[in-house]
Each structure stands twice: as structure tokens, then as C-alpha cells.
Amino acid sequence: MSQDTKKQRAAAAAIEHVRAGTVIGVGTGSTVNFFIDALGAMPSRIAGAVSSSEASTQRLRALGIPVLDLNSVDGLDLYVDGADEATRRLHLIKGGGAALTREKIVAAASRCFVCIVDEAKVVAELGRFPLPVEVIPMARSYVARELRRLGGEPSWREGVVTDNGGHILDVRGLRIADPVALEREINQVAGVVTCGLFARRGADLLIVGTDSGVQTLEPSGR
Ligand code: 5RP
């Protein structure tokens, strides 16, 4: 079975958490694209979405789903987004699509974060996927030196400018034994907008698309 079919399964299962008439948060990426398409096909529509990227905004609008500013809503009940890696404690690496900062903001503003992935994304320890870090452009070299000091090997994702005007460093080789502590440490470096570790505010539910259907995980031992 293809990875896309597993992503589609996870996305379809997330639709069951959506209540008609509400405003929900919507993330970014190929898995979320399946979710957006399923939202468009819902017979009872949602009132609107707060989007984590220009790409998702365009896709939502093309399906006639209103996109609202986060400042115009009083928090969100639900946020649905993908991930590049996820553990059974529902800690995540995100940012493969460079939308990590807005994703982290919408996740923080949401009461329930449902993460949708295919089974290849579930890992025992985060870190094989290079950790994306969004930086203010003038701080890129300084932040890279600080990340080396933490044991990582950063490389600049050249040519990519985020929706916020930031640059992305992808960091290989980090040992992420304590994702909450490392998220805090990286986010404290001057010039870092945010890193792609979603551990302090991880997911509340992980829906994994597999060969045989979907598996739903709640955080264990967080
Ligand atoms: C974008 C993200 C995505 O959620 C992550 O990259 C997963 O993408 P995909 O569903 O295409 O594998 O964090 O910034």
C-alpha cells in the first residue's frame, strides 16, 4: 500500500473529530492536503479555518472554506496537522514544509491538537529527520554556530523564505533524548524564531495510517 493511501486514511479518520459549524485550525503538508480535501467534501460544512500557511490558505479557499485570522477567533477547539516524526509520547518534529512557526502558534491556541501521519513517521526517538529551525535572516550564521555547540550539524535550506520572512536551518546529528529541554534551549538562542520540536505542546491525539487501517494513540507517560 502506498504512503499516500496511509496519509489519506489518517486524514479521513481526523474528519470524525470535526464538528460542523465550528472554526478549526488547519496545518500544512501533503497529509493535511488530504484532510483539507475531505473537509471540502463534508456535507455539513465548517464555519471556517485558521490556516498555518499560505499554501493551505489557497487550498482551503479553492474549496470555498473561509479562512479567518487567528486574532479574530477566541481560541480553537481543534487543530489538525501532520508531522515529520512522532513518538508514542506524541512529541513531534515538524517544519519539513517550513511552516513550523505558524503551526506552533495555531497549535498553542488550540484546545486539542490531532496529528495525522503515516506509520513511517512513528519513531522511538526523534532526530533522524533533520530538525528545522526558523531564524531571523541576519542571525543565521550566529544561530548555526550555537547549534553546533549543542552537537548539531546545521545546513541552510537555501532559497527558502518562510511565510514570516525567516530562513530555515536543518539540523542533523542532534541527540534528542529530552525533547522538552532541547526545545526550550534552542528557542532561547537569540535570533531563533522557533524550532520544529513540538514537545512542550505536543499532540493530544496521534492518528497513524497503516496497512490495516488507522491506529489512534494518546500520549503515554508525558
Ligand atoms: C510543515 C510540516 C508538515 O506537517 C510536515 O512536514 C509533514 O508533511 P507531510 O504531511 O507532507 O509529510 O510540519 O511545516
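The values are calculated or read from the model by the stated rules, or taken from the named source; none is laboratory data. Note that this is a predicted model, so its numbers are computed, not measured. Cβ coordinates were reconstructed from backbone atoms using ideal geometry, including for glycine residues, and neighbour counts include every protein chain displayed.
For the range 195-212, indicate whether the set of residues that are of a type in the set (S, T, N, Q) and farther than 29 Å from Ser2 by Cβ is non-empty.
Taking the range 195-212 first, the residues of a type in the set (S, T, N, Q) are 210, 212.
Narrowing further to those that are farther than 29 Å from Ser2 by Cβ: none.
No, the range 195-212 has no match at all.
Determine whether Ser53 is surrounded by fewer than 20 Cβ atoms within 10 Å (Cβ to Cβ), hydroxyl-bearing (Ser, Thr, Tyr) and on the phi < 0 side of the Ramachandran plot.
Details: surrounded by fewer than 20 Cβ atoms within 10 Å (Cβ to Cβ): no; hydroxyl-bearing (Ser, Thr, Tyr): yes; on the phi < 0 side of the Ramachandran plot: yes.
When the stated conditions are applied, Ser53 does not pass them.
Among residues belonging to the range 93-121 that are outside any helix (DSSP H, G or I) and more than 12 Å from the ligand (Cβ to nearest atom), point out the one that is surrounded by the most Cβ atoms within 10 Å (Cβ to Cβ).
Of all residues in the range 93-121, those outside any helix (DSSP H, G or I) come to 93-99, 109-118.
Filter again for more than 12 Å from the ligand (Cβ to nearest atom), leaving 109-112, 114.
Working: Ala109: 15, Ser110: 22, Arg111: 10, Cys112: 16, Val114: 25.
Once the filter is applied, the top-ranked residue is Val114.
Just one of Asp77, Asp81 is in contact with a strand residue (DSSP E or B) (Cβ under 8 Å, 6 or more places away or on another chain) and within 23 Å of Gln3 (Cβ to Cβ); which is it? Explain how you work it out, then say what you get.
Working: Asp77 fails: within 23 Å of Gln3 (Cβ to Cβ).
Checking each option against the conditions leaves just Asp81.
Which of (1) surrounded by fewer than 23 Cβ atoms within 10 Å (Cβ to Cβ); (2) within 30 Å of Ala13 (Cα to Cα) does Pro132 not meet, given it meets every other one?
(1)
Please state which one of Leu68, Leu76, Leu90 is surrounded by 21 or more Cβ atoms within 10 Å (Cβ to Cβ), without any contact (Cβ under 8 Å) to a residue 60 or more places away in the chain and not assigned by TED's automatic domain parsing to the domain that holds Asp163.
Values: Leu68 fails: surrounded by 21 or more Cβ atoms within 10 Å (Cβ to Cβ); Leu90 fails: without any contact (Cβ under 8 Å) to a residue 60 or more places away in the chain.
From the options Leu68, Leu76, Leu90, the qualifying one is Leu76.
What number goes with the only condition from (1) of a type outside the set (A, V, I, L, M); (2) over 13 Å from Thr87 (Cα atoms); (3) surrounded by 15 or more Cβ atoms within 10 Å (Cβ to Cβ); (4) within 15 Å of the chain's Cα centre (by Cα) that Gly191 does not pass?
So Gly191 meets the others, but not (4).
Can you confirm whether the range 23-45 contains a residue that is more than 15 Å from the ligand (Cβ to nearest atom), in contact with a His (Cβ under 8 Å, 6 or more places away or on another chain) and not assigned by TED's automatic domain parsing to the domain that holds Val171?
We begin by selecting, within the range 23-45, every residue more than 15 Å from the ligand (Cβ to nearest atom); these are 23-24, 39-45.
Restricting the remaining residues to those that are in contact with a His (Cβ under 8 Å, 6 or more places away or on another chain) gives none.
No: zero hits.
Please verify whether the range 100-118 includes one or more residues that are farther than 19 Å from Ala199 by Cα and not polar (S, T, N, Q).
yes
Could you list, in sequence order, all residues of the range 49-65 that are more than 9 Å from the ligand (Cβ to nearest atom) and either in contact with an Asp or Glu (Cβ under 6 Å, 6 or more places away or on another chain) or outside the structural domain of Arg9 (by TED's automatic domain parsing) (or both)?
Within the range 49-65, just Glu54 meets the criteria.
So which residues in the range 1-55 are in a strand (DSSP E or B) and within 15 Å of the chain's Cα centre (by Cα)? Spell out how you get there, then give the answer.
Let us first name the residues in the range 1-55 that are in a strand (DSSP E or B), namely 23-26, 48-51.
Once the filter is applied, which keeps residues that are in a strand (DSSP E or B) and within 15 Å of the chain's Cα centre (by Cα), the range 1-55 yields Ile24, Gly25, Val26, Val50, Ser51.
Among the residues of the range 202-222, what is the count of those that are polar (S, T, N, Q) and either closer than 11 Å to His91 by Cα or not in a strand (DSSP E or B) (or both)? Let's see the steps before the verdict.
Step one: list which residues in the range 202-222 are polar (S, T, N, Q), which gives 210, 212, 215-216, 220.
Those left that are additionally either closer than 11 Å to His91 by Cα or not in a strand (DSSP E or B) (or both): 212, 220.
Adding up the residues that qualify gives 2.
Regarding Ala124, is this residue surrounded by fewer than 24 Cβ atoms within 10 Å (Cβ to Cβ) and assigned to a helix (DSSP H, G or I)? Give the steps one after another, and end with the answer.
Details: surrounded by fewer than 24 Cβ atoms within 10 Å (Cβ to Cβ): yes; assigned to a helix (DSSP H, G or I): no.
No, not satisfied.
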